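The block underneath contains the structure these notes are about, expressed in structure tokens.
Coordinate-derived values only; no laboratory data. Fair warning: this is a prediction, and the values are worked out from it, not measured in the lab. Please note: Cβ atoms are built from the backbone with ideal geometry, for glycine as well, and neighbour counts cover all protein chains shown.
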């Protein structure tokens, strides 16, 4: 019998705390050791032990990942497709992969419970899994300890911060400058960026510290991108803060693009979700 025929949970509703359906897999997540700073990326290791009696997977399901506070409120989410599509999962097999997850700048300090599950975006149906659940086929797998991270100072050329589903970002303009506390040693600048409008051309981004160009890269529309840029200590000079400038060769005003049907009159370049020295 295909899994989809056994589903009783539609749109994450109607799933009792004690689920009578047979679990199709046992999920687990391995965290990095120690507390994780906000405004950084954390590498999580996902593992799904597929049940020996699991029927064939009828769809390519998504993994949902929710970080919850003590009251059960969702702080942020990281839904994604597993590295191996679920249609390829076999009964009795183990599926493992690692993924870099953004711990947003807005994440509160303290413990966050991680819960995960499998669902199909078409209908919202969720699969029964083995593990601790309070219902809705969402399964608690780990406790994340978040500590306060350091955020840059956003200076010239930025739009105001925006937040959705617990994830915070800022749109650049054509030229945008931020300042970081000077690490005073060779470091790596980590940028998490995107340009979500598929209809627009790929913008090219130049990264420089003062007058030294350290990187140039393209941002593919629709895909969040992680960029790691080596920063030599010699480029930072002996100052309390190191200025980093992003120059975007293609900006747009949503209001002027008819197919977007938007009243937004801001100049937009790329979205920056996180920026930090590693």
>> Explain nothing, just the number: relative contact order of the chain, from Cα pairs under 8 Å at least 6 residues apart, as a whole percent.
In response: 19
> Which whole-number percent of Cα pairs in region 44-84 have a distance greater than 13 Å?
Replying inline: 68
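Using per-residue counts of other Cβ atoms within 10 Å, averaged over each peptide, order 138-145, 263-270, 159-166 from highest down.
Numbers: 138-145: 17.9, 263-270: 16.4, 159-166: 12.4.
Most protected by this proxy first, the peptides run 138-145, 263-270, 159-166.
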> Arranged by the count of other C-beta atoms within 10 angstrom, fewest first, what order do 38, 234, 202 take?
Replying inline: 234, 202, 38
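Suppose a student asked you for the relative contact order of region 3-147, using Cα pairs under 8 Å spaced at least 6 residues apart; what percent would you report?
Values: 358 pairs, mean separation 51.4, N = 145.
The value is 35 percent.
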> If you bin every alpha carbon distance in region 3-147 into 10 Å steps from zero, what whole percent lands in each bin?
Replying inline: 11, 43, 33, 12, 0
>> What does the extension gain come out to for residue 132 and residue 256, with contour length at 0.36 nm per residue minus their alpha carbon separation?
In response: 39.6 nm
>> What distance in nm separates the two pseudo spin-label positions at residue 73 and residue 156, each 7 Å out from Cα along the beta-carbon direction?
In response: 3.8
> Antiparallel as a % of all DSSP beta bridges within region 3-147, to the nearest 5?
Replying inline: 95
> Gain in length, residue 88 to residue 233, computed as 0.36 nm per residue apart minus the alpha-carbon separation, to one decimal in nm?
Replying inline: 47.5 nm
>> Helix-only estimate, please: 222 nm mean residue ellipticity of the chain, summing -39500 (n - 2.57) across DSSP H runs of length 4 or more and dividing by its residues, to the nearest 500.
In response: 0 deg cm²/dmol
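Fewest first, what order do 217, 180 take by the number of other Cβ atoms within 10 Å? Kindly include the intermediate steps, with their values, before the conclusion.
Values: 217 16, 180 21.
Exposure proxy ranking, most exposed first: 217, 180.
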> With the contact rule set at Cα under 8 Å and sequence spacing of 6 or more, what percent relative contact order holds for region 153-277?
Replying inline: 35
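Could you tell me the calculated FRET efficiency between residue 220 and residue 143, based on Cβ-Cβ distance and R0 = 41 angstrom, to the nearest 0.05?
Working: r = 35 Å, r/R0 = 0.84.
E(calc), rounded to 0.05, equals 0.75.
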